[in-house]
């Protein structure tokens, strides 16, 4: 370019600038006239950005967007209002957490372009829980405080003003600028919306007329969600409006954190057609409410969303149901055949055949649509036709057709055996399906051969946006813990989901064997949570709470009853009875959620109230009182007696898995140190590492970590010669290699070294097998650690490394491995016997909840807990002695664990028969003889205090029948004198049939 050409080019640029500057005034005037009057309020701090827009606006004709501001915390864009314009922006932002979003459209096309202007503003300045909780004192100007309060009184008089200062402070901490510069009416609206979301259980929706600032009326949609899905949530919400044909003209969305989790607070404005929304319970209102609430359940990453919803083939509500179908079929089929029925293969069965999928959805709707006329006739016809269609399914791909027929048949069984569901409850947070377990026998042995042969009383399937799970119970009144498996990557989640049902089934069955001493049968709830896309501990915890909160709300949607039927009329109930289900805290159930679940249950009117979940506040803290370990150590003491060892005075050695800071292992160690002056603790292994000391861990050093920390907190200086520690929690990098710390003492010297990953895990995984001790107590660790493929490692050199095993942890040893080890002369006291005292204690918490007020419980807690601990020791000792007595009776022909399982089945069979008997004859509970049996089950303070004893008659008849059945069933077995019982039975028979 010549010098003259350069000069001409710069003149052209100068003319363009001059022209744009001359046009800017007119453009600014157009913005003032054609944008909503709130523009000057919401963009008051962005005059520079609006000035830039006024200058650049004509360039929108040739540019996709104009960037008016782009910083770490703010992005302001202008673009033409075209289909998908907002989605495209939100897609670009999906990896960022939006704290505030607003967009607004012009009322007229941009001059010279012919399309409306869309102005978008996003802020990325979310507060964390820590920032909110540690915010300290804030000073809100008195004028603002007064004006906002006045606006609340004028527009939302039903607001709970006792919460005003607290909630205004919360919004101020999250976004001070918003409170300072928004009109008081807008801040009042946000406070009311947040308050409604909290009061409504985490989600809220409403539609109302907005102020008529313009000559055309506007309509306001209010939507709030507690702990919303991360990242692309706003994009999903806007897709709902677009799919329903609701043209949003402007929107203001604020996300605040309340110190526990965030709340999404959105206000959306539309014109014209919005009037139809004001007809509450009308089709559009109901459809929008369902779709917005369904964003809590339907993942935008799912194939059903991508293939069906995004293409307009299916609504979001049905797509969530299809995801639940896929989740159920996968977990039902994959535990036995994971290769044939992997999740992708099952999901593909539904996504590859839209017609079949829609027919399955339609059948489900026919079965459960509330107030559907002629339901039975339609359902029978559709069910028969669909069954035939599945039987005839043939696309010419034999292998795939076989898989898909099996999947569709499984889905059909799911539909036909579901007895009630919350699918038609709009404000649900997750889906729940209570099933008749008869479907398991219809599946056939091909898919059930790996399960215990006994069938459960109920199966309930739960499905949420980021996980699924089951509650499986083996009796009407049932209790057992709620475990959440946290998958940190997608492979972990699929692996967990593959075996989820079997793991749950086995745990529930084991729990049922364990619960033989109490009136509740066994159950378990196991949930798999997908946290693969998260790497921040706070967001992982938020998702965990979201899943657990959603599942307990779904649980209550179907199990809160009135006169036996589901109370919510939107739940069609084919079962029609109250279902007393008691949950308990297990893996990844934090104290905050335990207390919240108890409160929610009481608020929603579940028949057990706060007793649905064992609470640390109103209960017996297992770790504080060592209730589970009380039984484990009682079994250990009686077992050692069989080996000729008196643990209270003789020397003996122990190896143990589980953290010394945890409940079972920690209290087990505490009781051993308190009761056994000569015990040697030779191995402690937990998730943080391992301690090995052939001379026994130093008692003083061990006391410093018991019930306080993991084993990596033990002082290596206290090691004896030959002792060593390896640390899973202490690593360093050597180039690309990760090294683990190892400390050992040799010839009085402490030596530190760093070992490779292979060396660490080779040693870590072998310690359970090779360290020698009289007694092994697995009190922590993953199920099936010792199994059919590795049990022989427990016999290094052909000799068992422990003479006896007391299972403090559930399913640590597989049944086959147990039998093999016992055949080698090892005594094993299985989990259902040895660690049963934890669940017995939890049962007595529920009894306290049913018979005592909170004030009475705390006033008498020490006495009550003391009574319960006495009961626990007796129950454990009774069973341990009976197992050894039966072993001698059988002359060793039956294993200890087989005898234990037999005792459980014997007691449970008595219980089942007695429970039915007493349910049919409720008047028996008030007769003196039966009354004494019922009282015998209770702690002494309830039996012997007249005002408490009188309350027993007010227990629900089902509970009285269950307690009577439990006490009599266990006493029939534990106190059994076979010769005397046989003689009494013979005499009774002769008197009835041969008396004169």
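A compact table of results
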read-out: Counting DSSP beta bridges with both ends in the chain, the antiparallel % (nearest 5); value: 75 percent
read-out: Geometric extent, Cα atoms of segment 622-884 - Rg, Dmax (angstrom); value: 19.3, 64
read-out: Computed E for residue 753/residue 455 - FRET, C-beta separation, R0 60 angstrom, nearest 0.05; value: 0.65
read-out: Chain lengthening between residue 492 and residue 954 when straightened (0.36 nm per residue, less Cα-Cα); value: 161.5 nm
read-out: Helix-only [θ]222 nm of the chain, DSSP H runs n ≥ 4, -39500 (n - 2.57) each, per residue, nearest 500; value: -15000 deg cm²/dmol
read-out: Folded to 0 to 90 degrees: helix 354-368 orientation relative to the chain principal axis, Cα; value: 70 degrees
read-out: Anisotropy class of segment 295-344 from Cα gyration tensor, a/c 1.5 cut; value: prolate
read-out: Whole-Å distance, taken between Cα centres, linking segment 283-360 and segment 118-136; value: 34 Å
read-out: Using a Förster distance of 35 Å, the FRET efficiency for residue 70-residue 160 (Cβ separation, nearest 0.05); value: 0.30
read-out: Degrees between helix 375-391 axis and first principal axis of the chain (Cα, 0 to 90, nearest 10); value: 80 degrees
read-out: Segment 399-415 and segment 914-962: distance between their alpha carbon centers, rounded to Å; value: 48 Å
read-out: Rounded to 5, percent antiparallel among DSSP beta bridges of segment 303-612; value: 65 percent
read-out: 920, 533 arranged by Cβ crowding within 10 Å, fewest neighbours leading; value: 920, 533
read-out: Potential extension, residue 603-residue 862 segment - 0.36 nm per residue separation minus Cα distance; value: 90.4 nm
read-out: Mean Cβ count within 10 Å, highest first, over the residues of peptides 44-53, 436-445, 102-111; value: 102-111, 44-53, 436-445
read-out: Stretchable slack from residue 88 to residue 870, in nm (0.36 nm times residue separation minus alpha-carbon distance); value: 274.9 nm
read-out: Mean separation of Cα contacts under 8 Å (6+ apart) over length of the chain, as relative contact order %; value: 6 percent
read-out: Relative contact order, percent, segment 289-395 [alpha-carbon distance under 8 Å, six or more residues apart]; value: 17 percent
read-out: Ranked 281, 353, 663, 165, criterion: other C-beta atoms within 10 Å, fewest first; value: 281, 165, 353, 663
read-out: Residues residue 372 and residue 281, FRET efficiency given R0 of 22 Å [Cβ-Cβ distance, rounded to 0.05]; value: 0.85
read-out: Distance between modelled label sites at residue 916 and residue 695, nm, 7 Å Cα→Cβ extension; value: 6.3 nm
read-out: Spin-label proximity, residue 176 to segment 237-258 - amide N less than 12 Å from point 7 Å beyond Cα toward beta carbon; value: none
read-out: Global geometry of segment 750-895, whether rounded, prolate or oblate, following the gyration tensor of its Cα atoms and the 1.5 cut on a/c; value: oblate
read-out: Label assignment, volume of the Cα convex hull per residue in Å³ derived from the structure, set (1) 251; (2) 292; (3) 189; value: (1)
read-out: Principal-axis tilt of helix 957-974 within the chain, Cα atoms, nearest 10 degrees; value: 40 degrees
read-out: Distance between segment 845-912 and segment 695-718 - C-alpha centres, whole angstrom; value: 32 Å
read-out: Cα gyration tensor category, rounded, prolate or oblate, for segment 303-612 with a/c compared to 1.5; value: rounded
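Values quoted throughout were computed directly from the atomic coordinates according to the rules given, and no laboratory measurement underlies them. This one's a predicted model, so the numbers in the text were calculated from it and none came from an experiment. Backbone-built Cβ (ideal geometry, glycine too); neighbour counts: all protein chains shown.
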